[in-house]
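Reviewing the structure listed below.
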């Protein structure tokens, strides 16, 4: 419950702790941040003022936030995870009633400085909460009905809240994050199988609740050429952009698909398409490698950190991070339907950036305080 | 944990695989798709090929035109701009409403053509006010221009592409140029593909909304081919003047090489009207005119040849040894055959005459007798040999073939047997016979050149080679005392004779001379006394309606019956008599008689043709070849 003052505030301690940072992870994040600035610069047609500037400011600010989170003892995050989770649930409720509406969905809270999207933060919040939850209960109790019930409720509340915004993409990602943690903590396959069975049975009912645009997205995914100027347009144009990039790409600022606005949402969900068009197969492979490296390092940190909370959190976050990347890339490459999932760090958007940096910060904290036990 | 790692590995492989397939395997496909997104091409029409007359004067040329385009995007207020232009150019409110509709349909950066053919004064007015006409762009372009109307039918006109053109003309399928004009009739139509040239293009980059970002490349295309025709623009004008006020046609042909020197149909129309879209009133005027100005009567007008066919009836009878030219027949004004009475045009009759006089005075009774003995089938063979009943021009879509009747033809087409009475009518060119002025011109030319086959042409070919007949002619000039017989010469020069015995041809020519130059000849009144212009010709009239017995008794004149029932007047001739060079055919619709309506027109034209003979022949082969 108490902060460890010694480890947090003395200059001597900080210098010590700096060397405990995982530099591979740190450099990968910085590299991604730099690439993201160039990509945003290109998405605005070679202008700094537009997206690139605010993206750069955010990255710098949130990078320091990330460092700050890293140096806070892992115990703190364990102790406050329930509080953070409840706070985020409250924010989602606030969004539900007082949120800023844009393009038919209500996802943001107006904080005057910027619009906060609590659902993005919830992606990390759910991992944090569930890691804490399974850390507290004994591993033998994991499969007991009583202990299955709480996490299910904790997962369904934010899921339903986000789904009703409506934001199918983020809701699914929150669900996946939660499921991954639950599974890692030792919940049996059988239970997932039963639940999946239930979901499949209920799927037709759920589909009837989908918004028309969500239905059409799924249908177009199945056959994008059926409506090339309507909903399939995004997938087709994205594939054209990526494919036309070729092996070496068209060069920085030379992506015609992006520059001439054929590419939709090029600064957010489709930022990878823009990057891929300009830097080609080699550039794309490098980026995938970078993301994989980050995931790998997070898992490694999970391996070395001693607390169950830390391990669960790292494995969970690594998997969730990987899923975010995989879903976004599969989506823009036409392997999955367009659901609206940003690419971590690269996509424009403050809340997503904040959530990722916060999540990574806790990972780093797990590394810095790897030898600390958590009560 | 192992499961999770393998899952990640599979997903990773999936993403790499997808990237590889998109960016390496199918890269070229997507590159071209991206270019298709990115580039728009607008084809631009290259300058159309020019049509010249024999001397290199442009008959159909390209002239500068002044247009006004507007781009709504540049303008602050399009409606205000239109209102301003309405006052400057005196546009109608209807036109403005139409333009507003057009503009509303397009994107704001697309240009709309306000007027595609401004007069110079309108254009300069627009330029004067240009500083206050933001969004308006004066544009100088080129379009087809015809200096005068005399060749409107022979050359034809151009106009915008119709859906029907796209269906029927294969070469237009890939063309797809906005605002291009294509040939609709005459040479403009038959030479269209070559005169269009190959289109150029403007390639520019567009964004996702279709807005032009920048021009990437231009290609002006290849100018269409220029053609030199055999026509003489001076004679075209003279022929047109000669036909002033009547409905008809004039054809003039070089009897040795088949050059069509003049082909005129009257009344004509202004081909320039069609280039920018003919207006409704003008079109109504043209289509409702009973004289059918749009019809090229020289090649598509079908008329019974009338007495002009007597030349061939006589020739056929002589060639087939049916008749002796000295055989005398008495014309009482009619003959009776199997109880039917056949009248001569001269009620009192011609008295006793020989074949020469029968041609000279155009006696019908004499040729009833000739035809009766000759029979329709033999006559039809001769008529077909001389070019009747078939299309004689190459690739001239308006041309009609006409009819040369015979027993078989009647059985096939009408399903009835031939009557002997019909043979009599056919012998004087009435009944089923139908021919065009150009066919009769060719017939006359082939009689005049001594009975040799020639191929009529409207284009000077690139090598401008002389044909065998001309070679033979040159040889004869240089060796006047060559002892070889005509049959021997035919073999030497591989000529294509249309006769068995050239004497028969000469007989017909001599009889035609008599008809024009001896007192009592049908066209004696239209003769030229100057030997230089002297011609030999044959009149004719094609019957529209047979006179009733009462009318015949009352000797009703052609001028006394209603216009549309009057006979068509024919005259065919060759000149000069001493050394024939040109053949002419003149048709005057509802002109009454050939001698009074058609021969005087021929007289005028022949004079001009002969006067220009020197100029024409001094245009050497070399000059023409170099010019082209």
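Points to keep in mind about this one:
- Looking only at residues of segment A:327-344 that are assigned to a helix (DSSP H, G or I) and surrounded by fewer than 24 Cβ atoms within 10 Å (Cβ to Cβ), we find that the one that is farthest from the other protein chains (Cβ to nearest Cβ) is A:327.
- Sole exception among (1) in the same structural domain as residue B:119 (by TED's automatic domain parsing); (2) out of contact with any strand residue (DSSP E or B) (no Cβ under 8 Å at 6 or more places or on another chain); (3) crowded, with 17+ Cβ neighbours inside 10 Å for residue B:77, by number: (3)
- Residues located in segment A:349-375, provided they are under 16 Å from residue A:63 (Cβ atoms) and in a loop (DSSP other than H, G, I, E, B): A:349
- Checked against the criterion of being more than 30 Å from residue A:181 (Cα to Cα) and either within 14 Å of chain A (Cβ to nearest Cβ) or crowded, with 19+ Cβ neighbours inside 10 Å (or both), the candidates B:98, B:33 yield just one match: B:33.
- For segment B:36-44, the criterion of being facing chain A (nearest Cβ under 7 Å) and either more than 40 Å from the chain's Cα centre (by Cα) or more than 28 Å from residue A:245 (Cβ to Cβ) (or both) is satisfied by at least one residue.
- Qualifying residue in segment B:304-327 (condition: in a loop (DSSP other than H, G, I, E, B), touching a strand residue (DSSP E or B) at 6+ places or on another chain (Cβ under 7 Å) and surrounded by fewer than 18 Cβ atoms within 10 Å (Cβ to Cβ)): no
- Residue list for segment B:7-35, filter: closer than 30 Å to residue A:320 by Cβ and within 60 Å of the chain's Cα centre (by Cα): B:22, B:23
- Among the residues listed as A:176, A:191, A:126, the single one being within 25 Å of the chain's Cα centre (by Cα) and either over 24 Å from residue A:307 (Cβ atoms) or crowded, with 22+ Cβ neighbours inside 10 Å (or both): A:126
- Members of segment A:176-191 found to be within 14 Å of another protein chain (Cβ to nearest Cβ), at pLDDT 85 or above and in a helix (DSSP H, G or I), listed by number: A:176, A:177, A:179, A:180, A:181, A:182, A:183, A:184
- Of the residues examined, residue A:309 is not one that is surrounded by fewer than 24 Cβ atoms within 10 Å (Cβ to Cβ) and closer than 26 Å to residue A:125 by Cα.
- The combined condition, being surrounded by 14 or more Cβ atoms within 10 Å (Cβ to Cβ) and over 22 Å from the mean Cα position of the chain (by Cα), is not fulfilled by residue A:95.
- Given (1) modelled with pLDDT under 85; (2) within 14 Å of another protein chain (Cβ to nearest Cβ), index of the condition residue B:8 fails: (1)
- Residue A:349 satisfies every condition listed in (1) at pLDDT below 90; (2) surrounded by fewer than 24 Cβ atoms within 10 Å (Cβ to Cβ); (3) over 29 Å from residue A:68 (Cβ atoms) except (3).
- Per the conditions (1) more than 30 Å from residue A:261 (Cα to Cα); (2) surrounded by 19 or more Cβ atoms within 10 Å (Cβ to Cβ); (3) touching a strand residue (DSSP E or B) at 6+ places or on another chain (Cβ under 6 Å), the sole criterion not satisfied by residue B:8 is (3).
- None of B:258, B:306 is within 17 Å of the chain's Cα centre (by Cα) and on the phi > 0 side of the Ramachandran plot except B:258.
- For segment A:287-326, taking the residues that are out of contact with any helix residue (DSSP H, G or I) (no Cβ under 8 Å at 6 or more places or on another chain) and more than 11 Å from chain B (Cβ to nearest Cβ), the one that is nearest to residue A:339 (Cα to Cα) is identified as A:300.
- Strands (runs of 3 or more DSSP E) fully within segment B:133-220 counting 1 or more residues that are surrounded by fewer than 18 Cβ atoms within 10 Å (Cβ to Cβ): B:136-146, B:158-160, B:200-206, B:212-219
- Of the residues making up segment B:478-490, those that are part of a helix (DSSP H, G or I) and farther than 19 Å from residue B:466 by Cβ are B:486, B:487, B:488.
- Test: residue B:61 is surrounded by fewer than 20 Cβ atoms within 10 Å (Cβ to Cβ) and within 14 Å of chain A (Cβ to nearest Cβ): no
- Of the residues making up segment A:259-271, just one is in a helix (DSSP H, G or I) and more than 10 Å from every other protein chain (Cβ to nearest Cβ), namely A:271.
The values are calculated or read from the model by the stated rules, or taken from the named source; none is laboratory data. The model shown is predicted, which means the values in this text are computed figures rather than measured ones. Ideal geometry is used to build each Cβ from the backbone, glycine not excepted, and the neighbour counts take in all protein chains shown.
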